[in-house]
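Nothing in this text is a laboratory measurement; each read-out follows from the coordinates by a stated rule. Bear in mind that the values here come from a model prediction, so they are computed numbers and not experimental data. As a convention, Cβ positions derive from the backbone with ideal geometry for all residues, glycine included, and neighbour counts pool all protein chains shown.
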């Protein structure tokens, strides 16, 4: 079966190595695109234009509300919404993660053992689209015509906890797997580098005292009993370095 | 279709750890060596500058630098009674890809439990998710 991705045989053919190797009868040659470019080295992403690349406004509002219950704002630090977790997930779903472009996504698809890992036929972008639609329909029909982000915090928590337990009963939603995907992506958004759209102003790193992408801690070696107080640094430095001081 | 390439003493298929060392040794011994590698060319300065090599999401979570299963994967089962299924996302082992092969990720450091090395992995329960890598050549 030939799918989107390039098989090893095709790769070998494309790199003009067929002469060196026995090629099975019936093999096809595909010329042109290899899954990388020569000299490919790409920098961290630059946050693209404002607005949503994947989510609709309604989906984005729902995801931001969910992120804000999974990591609620409190006296210790910012919540998932303020940290930009929805922007992070939006940009991830619009890219290679959303389409599972790097993963093996051809058949056969079957329910595997836990040790066999990911066996889901649907890439994350479709899982989010369908799950958010199912949750929106559930809130509309069973929670007096409202949407997830207009529920009270308590109602949101109740629904998320039921999803986590797999007992939400939301029609058309495999709630537990979706909750796990959402929780993972919210954590990624809260703690990944700000270049990816979340962790805005490095709120996640400040909360846990993570120094960021600093790589030289030699001057700390002599200061074992002192707290580390240097502010975090991201892949693109710090906001203070690129912005005029107020 | 067939293209005849210039003759050489040695062809090394796969320029990872083993291929790199073999190629170097053979070239030092005076043989002409052509190395063939399915993955991209990589340079330390442009691919792994210290300023970006600490990107946990890109390297440890999304598994950049490794062979992409979309390119090639294998099937897996624990016992003969089970049905082998394709590995869609790497888990128990992480094949390298490109010039340098797994040597690019040879200094992988366990991130969990070491404060300040990997804020995402430290909060994941799966043991496999705790592999963090610092690409170096």
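To the nearest whole percent, what portion of all C-alpha pairs in the stretch A:47-94 is separated by more than 16 angstrom?
35 percent
How many Cβ atoms of partner chains, on average, are near each residue of B:82-94 if near means within 10 Å of its Cβ?
Average per residue, whole number: 6.
Can you put B:26, A:93, B:5, A:183 in order, fewest other beta carbons within 10 Å first?
If I rank by nearby Cβ atoms, fewest first, I get B:5, B:26, A:183, A:93.
Please sort B:65-75, A:139-149, A:45-55 by packing, taking for each peptide the average over its residues of neighbouring beta carbons within 10 angstrom, highest first.
Packing order, densest peptide first, comes out as B:65-75, A:139-149, A:45-55.
Stokes-Einstein diffusion coefficient for the stretch A:129-246 at 25 °C in a medium of 0.890 mPa s, Rh from the Kirkwood formula over Cα pairs: what value in µm²/s?
For the chosen part, D equals 141 µm²/s.
Within a 10 angstrom radius of each residue's Cβ in A:96-103, how many Cβ atoms of other chains show up on average? Whole number is fine.
Counting other chains' Cβ atoms within 10 Å and averaging over A:96-103 gives 4.
Percentage of Cα-Cα pair distances in the stretch B:3-64 greater than 17 Å, rounded to whole percent?
57 percent
With a 10 Å radius around each residue's Cβ, average the other Cβ atoms per peptide and rank A:77-90, A:163-176, highest first.
Going by the mean number of other Cβ atoms within 10 Å, highest first, we get A:77-90, A:163-176.
Across peptide A:192-200, how many C-beta atoms of other chains are within 10 Å of each residue C-beta, on average?
3
For the stretch A:87-147, state the average projected area of the convex hull of the C-alpha atoms over all orientations, rounded to one decimal in nm².
Average projection, Cα convex hull of the stretch A:87-147: 5.8 nm².
For Cα pairs less than 8 Å apart in space and 6+ apart in sequence, what is the mean separation divided by the residue count of the stretch A:73-134, i.e. the relative contact order in percent?
29 percent
Given the convex hull over the Cα atoms of the stretch A:171-239, what projected area results after averaging over all orientations, in nm²?
Approximately 6.4 nm², given one-decimal rounding.
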